[in-house]
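Okay, structure first, notes after.
Since every read-out is calculated from the coordinates, none of them should be taken as a lab result. All figures in this text were calculated on a predicted structure; none of them were measured in a lab. Cβ placement follows ideal geometry from the backbone for every residue including glycine, while neighbour counts extend to all protein chains displayed.
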Amino acid sequence: MGFFAPEVQASGIDRNGIGARSMGMAGATLADDLDAVTSAAQNPAALGFLEKSDVSLGIAGAWASGRYDNAQNEGGKLTDTWGLLPEIVYRQPLADRLAMSMSLITDSTRLADWYFRDPAGGATGTTSYGQQHHRSSIINMRAALGLGWRLTDQLALGASVGLVYNRNELTTPYTFQTQPALKGFKTLLDLETEGFGANGDLALHWKPTKDFAMAFSYRTATQFNTEGTARGDVTRQLVDAGLVGVPGEFKYDAKVATHLPQKAAVGMTWQALKKLRVGGQAEWVDWSNAYDVLEVRLANGSNPAVNATTGSKSLDDDIDLNWKDSFVFRLGFEYELTESLSLRMGYAYGSNPVSTDTLLPTTAAISEHTLALGLGYTRGRYQIDLAYQYDLPAVQHSSARSIQGPEYKDSRVKLQSHWIGLTTKIAF
């Protein structure tokens, strides 16, 4: 367990709402200025309608299950994978029609921790490292400052800037993809890198009537040049190639260039009845540019035999991802049961961005359909929200045509996950 969450999210690695209020409506709260966490995480223009200071503290938890099948594995499983995500938001009016927010939010994440037998492959077609954990994780935690300015009683603009911490881990039998001397070679690999990037939000919030609002937000792309180490052991591959007695362990300084996509969203909130509030939202996520190729750069190699083979202490390897752009649609409802208690529910659909040509268990962020349910309780200046989400089972077959080696050809991944959220808010 740690501060991360399983890999099953709609629209790749993005979450279906941040904060329990939004989670309970499947994320359909972009245009809802009552949602404190959304105003800090996605729509800073909503800050223009803030009247009192408040602080929100939240946590989200998730757990997933999955199955992986290929020619040599029937019933490979996702291990008991769960994690926690912290959320902190502080908002304060600065002057008439002007307000700010400070936040620390994990706005995208994924973890895949599979356990199955490494299929035979590699340079000889016979190399297997046996029963292995196949693990990959990504975490993106954003610290942001936002400002919202209400131009008129109906219209507000907003912007935010964020510093994003990114950490990547990959532990798996790995086949080199593009390195000329090692292409097709298989090794045990343990790669860890981390670094920082920056991004920004621009937003518009329009309330033509007291019962209806619309909002638009845009998030810039984020680029990371993360650094760390890559350790591995290629002994099994060397033995299968007839190189008995050649040391196979290695260590490199690693650099990985990763990206988060630009994205745009438009949403509406409508007080349809006295006690019924409806939210709708549509989003575009530019995965095709962000997750096209993963560039891995290794330097200062420690293994003389590997260095002699490549002719250098450094090597580069590029991994094809070929993700597609994703479109996400959200619909949420909030019904006032009493003056203090509200019931919420929602549905989200996010088109699967992962290509069948590059799908691996460790990259299978393939969920498309999410159901949500939530409760909110308010008493005076205190508010507490609870949420539950279910990412419905998703199945995808993989041709792995763009992946070196036969290991993942004609395979099948099935995933589902559950999310819970708890957020408390105190107004001053």
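Before moving on, here are some points about what is shown:
- Reciprocal of mean inverse Cα separation for the stretch 299-374 (Kirkwood radius, Å): 17.1
- Area projected by the alpha carbon convex hull of the stretch 200-244, averaged over all directions, nm²: 7.4
- With each label modelled as a point 7 angstrom along the Cα→C-beta vector, the Leu84-Glu194 pair spans 1.8 nm.
- Linear extension gain, His418 paired with Arg381, 0.36 nm per residue minus alpha-carbon span: 10.3 nm
- Thr126-Phe428 pseudo-label distance in nm [points 7 Å out on the Cα-to-Cβ vector]: 7.1
- Applying 0.36 nm per residue to the separation of Met345 and Leu163 and subtracting their alpha-carbon distance, the gain on full extension is 62.3 nm.
- Counted over all Cα-Cα pairs of the chain, pairs farther apart than 29 Å make up 47 percent.
- For the stretch 122-190, applying the loop criterion from DSSP together with a ceiling of 15 other beta carbons within 10 Å to the trypsin sites (Lys or Arg not before Pro) yields Lys183.
- Zero-based 10 Å bins, Cα pair distances in the stretch 214-310, whole percents: 13, 24, 19, 16, 12, 9, 6, 1
- Restricting the stretch 323-428 to GluC sites (Glu not before Pro) in coil, as DSSP defines it, with at most 12 other Cβ within 10 Å: Glu339
- Listed cross-link partners Lys207/Lys425; Lys275/Lys324; Lys324/Lys409; Lys275/Lys414; Lys207/Lys263 are compared with a 30 Å cut-off, the Cα-Cα value being larger for Lys275/Lys324; Lys275/Lys414.
- Label-to-label distance, nm, for residues given as Ser312 and Tyr218 (7 Å Cα→Cβ offset): 3.8
- Diffusion constant of the stretch 386-428 at 25 °C, which comes from Stokes-Einstein with the Kirkwood Cα-pair radius and 0.890 mPa s, µm²/s: 177
- Converting phi to 3J(HN,Hα) with the Karplus coefficients 6.51, -1.76 and 1.60 and the offset θ = phi - 60°, the stretch 119-128 yields x, 5, x, x, 5, 9, x, 10, 7, 9 Hz in sequence order, with x at every glycine or proline.
- Projected area, mean over directions - the stretch 155-209, Cα convex hull, nm²: 7.0
- Comparing the stretch 343-422 with the 2.2 N^0.38 Å rule of thumb, its C-alpha radius of gyration ratio is 1.55 (two decimals).
- Rg ratio (alpha-carbon, reference 2.2 N^0.38 Å) - the stretch 81-152: 2.05
- D_trans [Stokes-Einstein, Kirkwood Rh over alpha-carbon pairs] for the stretch 28-145, 10 °C, 1.306 mPa s, µm² s⁻¹: 90
- Each stretch of four or more DSSP H residues adds -39500 (n - 2.57); spread over every residue of the chain, this sum gives -1500 deg cm²/dmol at 222 nm.
- Chain lengthening between Ala299 and Asn225 when straightened (0.36 nm per residue, less Cα-Cα): 25.2 nm
- For the stretch 10-71, the list of trypsin sites (Lys or Arg not before Pro) that fall in a loop by DSSP and count at most 12 other C-beta atoms within 10 angstrom reads Lys52.
- Here the chain is treated with +1 on each Lys and Arg Cβ and -1 on each Asp and Glu Cβ, and its dipole about the Cα centre works out to around 680 debye.
- A Cβ-based charge dipole, computed about the Cα centre of the stretch 187-320 with Lys and Arg at +1 and Asp and Glu at -1, lands at about 1040 debye.
- FRET E, pair Ala272, Leu155, Förster distance 22 Å, beta-carbon r, rounded to 0.05: 0.45
- Its alpha carbons give the stretch 261-317 an Rg and a Dmax of 25.0, 75 Å.
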